[in-house]
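Before any comments, here is the structure.
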Amino acid sequence: MEKKLFFWLALALLSCPLVPSGPVVAATPDFVSLAEALKPAVVNISTEKTIRPRRPTMPGPGSPYDRFFDEFFEHFFGDQPDRPRKQRSLGSGFVISADGYILTNDHVVKGAEEVKVTLADGRVFEAVIRGSDEKLDLALLKIEVDEDLPATRLGDSDKSRVGEWVMAIGNPFGLEQTVTVGIVSAKGRVIGAGPYDDFIQTDASINPGNSGGPLFNSRGEVIGINTAIVAGGQGIGFAIPVNAARNVILQLREVGHVTRGWLGVSVQEVSRELARSFGLEEAEGALVAEVIKDSPGEKAGLKRGDIILSFDGEKIGTMHDLPRMVAATPVGKKAEVIVFRDGRRKKVVVEIGRMEAEGGPAKAVGEADSLGLTVAVLTPELSRQFGLEAERGVVINAISPDGPAADSNLRAGDLILEIDGVEIAGIVDFNRAVREVKPGQVLRLLVQRRENLLYTTLKAE
């Protein structure tokens, strides 16, 4: 009897499925089949535009030596510095609908006088830019075709996980239909590219020319648009999550431009020290540094020093969450905002406005085309990165290579403290000062460069 019982117990144990003691290892995707299926929907984009070179101004705008250098260039180079030239560039894109709509980056086609799309089968089409969104760096192209094109499927980037396999297809360095693979290295990356940074980081090789191309998951769905790389970095690339692009694609297709919600506040990060000083237990939310006059935020009662903890029912983990949420909110919608003020949580209802060209979203970034630079709110990360010790000002995080700032003494990482003697405490002050600048006006800037203060001049366009 005991032997029979032992036999049946042993048989039952052998028939039970084994429970893995460690993490489950997913099978490697069939990259060969994926590449064969996906490459026909990926295109190469070539553009052409006319560039009128800027004659260098040395040693600085308004210098008494300007005439000397003008004569120097005329003597040795004649009219060459002012001669227009054609600039050609390459990028990538992918078909999002069978009738010829193609998605790419705005910076791939910006300013282009001619855009050509080369399909995987070698056919070349002239493309029309149906619309673009500079802030998210997206552009929608249209080519006229007589038959349906193979189109990509858009996935759900929110469901992508760190460590999962991804594949990039594009045109790096002009090498058509290049396939690279890797994993999702991180999500929610903020790299200072714009007010809506929320990049997917990947180690799938991305290089110049990959811009605008798709980042696929192992199911062949697009989860990102390859957009940026780290200068000097290896194996670090960034893609716009496709979920952030969905509404933009619809608006570009229907009306050719993007309408975003506007709150009318400037925000900054809540550090642990700031959280403690306000009586907040955790470093979370977005700290209101400035409220624009007559903005939706001011009308709703938002104040400087408020810490916005949630917006329209969604928690604000960091300051970077707020701009994306506000921008995606329909104009006119009444949104509930929970703020931390005077040691208590308070509910504020705000009617979202329309972001106009001269306005801005709840943001950490300001742009000045007339000066050729982009600035960001001073955060602890930027302070550490550029070796700054200050509590006010805006940091230059990008300088346009063909803008006025490129000819000045300014550098990325400089902290702007004053413009023409007016204190610049934050983004709102900066935008206000820039709006009043006239073409050709020479500005005097007080900047901090690491531990040093210096004055410099800049001639606006």
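Among the residues in the range 316-329, are any over 27 Å from the mean Cα position of the chain (by Cα) and either charged (D, E, K, R) or modelled with pLDDT of 90 or more (or both)? Show your work before the answer.
Step one: filter the range 316-329 for residues over 27 Å from the mean Cα position of the chain (by Cα), giving none.
No; the residues of the range 316-329 include none that is over 27 Å from the mean Cα position of the chain (by Cα) and either charged (D, E, K, R) or modelled with pLDDT of 90 or more (or both).
Among the candidates Glu281, Glu273, single out the residue that is farther than 17 Å from Val377 by Cβ and surrounded by fewer than 18 Cβ atoms within 10 Å (Cβ to Cβ). Working first, answer last.
On the way: Glu273 fails: farther than 17 Å from Val377 by Cβ.
The unique qualifying residue is Glu281.
Being small (Gly, Ala, Ser), more than 20 Å from Val265 (Cα to Cα) and modelled with pLDDT of 80 or more is true for just one of Ala405, Ala398. Which residue is that?
Details: Ala398 fails: modelled with pLDDT of 80 or more.
Within the list Ala405, Ala398, the selection yields Ala405.
So which residues in the range 142-166 are within 23 Å of the chain's Cα centre (by Cα) and aliphatic (A, V, I, L, M), if there are any at all?
Leu154, Val162, Val166
When both residues are 6+ apart or on different chains and their Cβ atoms are under 7 Å apart, which pairs have a first residue that lies in the range 314-334 and is crowded, with 22+ Cβ neighbours inside 10 Å, and a second that is in a loop (DSSP other than H, G, I, E, B) and of a type in the set (Ser, Thr, Tyr)?
Note: pairs meeting the criteria are Pro323/Tyr196; Ala327/Tyr196.
Here is a check on your reading of the model: is Arg253 charged (D, E, K, R), assigned to a helix (DSSP H, G or I) and touching a Gly at 6+ places or on another chain (Cβ under 9 Å)?
Details: charged (D, E, K, R): yes; assigned to a helix (DSSP H, G or I): yes; touching a Gly at 6+ places or on another chain (Cβ under 9 Å): yes.
For Arg253, the condition - charged (D, E, K, R), assigned to a helix (DSSP H, G or I) and touching a Gly at 6+ places or on another chain (Cβ under 9 Å) - is met.
Report yes if Val115 is in contact with a helix residue (DSSP H, G or I) (Cβ under 7 Å, 6 or more places away or on another chain), among the aliphatic types (A, V, I, L, M), closer than 27 Å to Phe31 by Cβ and in a strand (DSSP E or B), otherwise no. Write out each step before concluding.
Details: in contact with a helix residue (DSSP H, G or I) (Cβ under 7 Å, 6 or more places away or on another chain): yes; among the aliphatic types (A, V, I, L, M): yes; closer than 27 Å to Phe31 by Cβ: no; in a strand (DSSP E or B): yes.
No; evaluated as a whole, the condition is false for this residue.
Going residue by residue through the range 435-457, is there one that turns out to be in a helix (DSSP H, G or I) and not assigned by TED's automatic domain parsing to the domain that holds Ala286? First the steps, then the outcome.
First, pick out the residues of the range 435-457 that are in a helix (DSSP H, G or I): 435.
Applying the additional criterion that residues be not assigned by TED's automatic domain parsing to the domain that holds Ala286 yields 435.
Among the residues of the range 435-457, at least one is in a helix (DSSP H, G or I) and not assigned by TED's automatic domain parsing to the domain that holds Ala286, which makes the answer yes.
Take the residues in the range 292-313 that are within 21 Å of Val377 (Cβ to Cβ) and in contact with a helix residue (DSSP H, G or I) (Cβ under 8 Å, 6 or more places away or on another chain); name whichever of them is surrounded by the most Cβ atoms within 10 Å (Cβ to Cβ). Give the steps one after another, and end with the answer.
Looking only at the range 292-313, we keep the residues that are within 21 Å of Val377 (Cβ to Cβ), and these are 292-293, 295-298, 302-311.
Checking the rest, the ones that are also in contact with a helix residue (DSSP H, G or I) (Cβ under 8 Å, 6 or more places away or on another chain) come to 292, 305, 307-308, 311.
Working: Ile292: 20, Gly305: 14, Ile307: 24, Ile308: 28, Phe311: 25.
Checking each candidate, the answer is Ile308.
Of all residues in the range 145-182, count the ones that are in contact (Cβ under 8 Å) with a residue 12 or more places away in the chain, of a type outside the set (Val, Ile, Thr) and either under 15 Å from Leu103 (Cα atoms) or not in a loop (DSSP other than H, G, I, E, B) (or both).
Adding up the residues that qualify gives 17.
Can you tell me which of (1) buried (at least 23 other Cβ atoms within 10 Å of the Cβ); (2) in a loop (DSSP other than H, G, I, E, B) is the one Val258 doesn't meet?
Unmet condition: (1).
Given the residues Ser211, Ser218, which is the only one that is buried (at least 24 other Cβ atoms within 10 Å of the Cβ) and polar (S, T, N, Q)?
Details: Ser218 fails: buried (at least 24 other Cβ atoms within 10 Å of the Cβ).
Exactly one residue qualifies, and that residue is Ser211.
Starting from the range 442-454, take each residue that is without any contact (Cβ under 8 Å) to a residue 40 or more places away in the chain and list its partners that are among the hydroxyl-bearing types (Ser, Thr, Tyr), counting only C-beta distances under 6 angstrom and pairs at least six apart or across chains.
Arg444/Thr457; Leu445/Thr456; Leu446/Tyr455
Scanning the range 417-445 for residues that are in contact with a helix residue (DSSP H, G or I) (Cβ under 7 Å, 6 or more places away or on another chain) and surrounded by 21 or more Cβ atoms within 10 Å (Cβ to Cβ), which turns out modelled with the highest pLDDT?
Checked the range 417-445; the qualifying residue modelled with the highest pLDDT is Ile419.
The values are calculated or read from the model by the stated rules, or taken from the named source; none is laboratory data. Please read all numbers here as calculations on a predicted model, not as lab measurements. With ideal geometry, Cβ positions are generated from the backbone for all residues, glycine too; neighbour counts draw on all protein chains shown.
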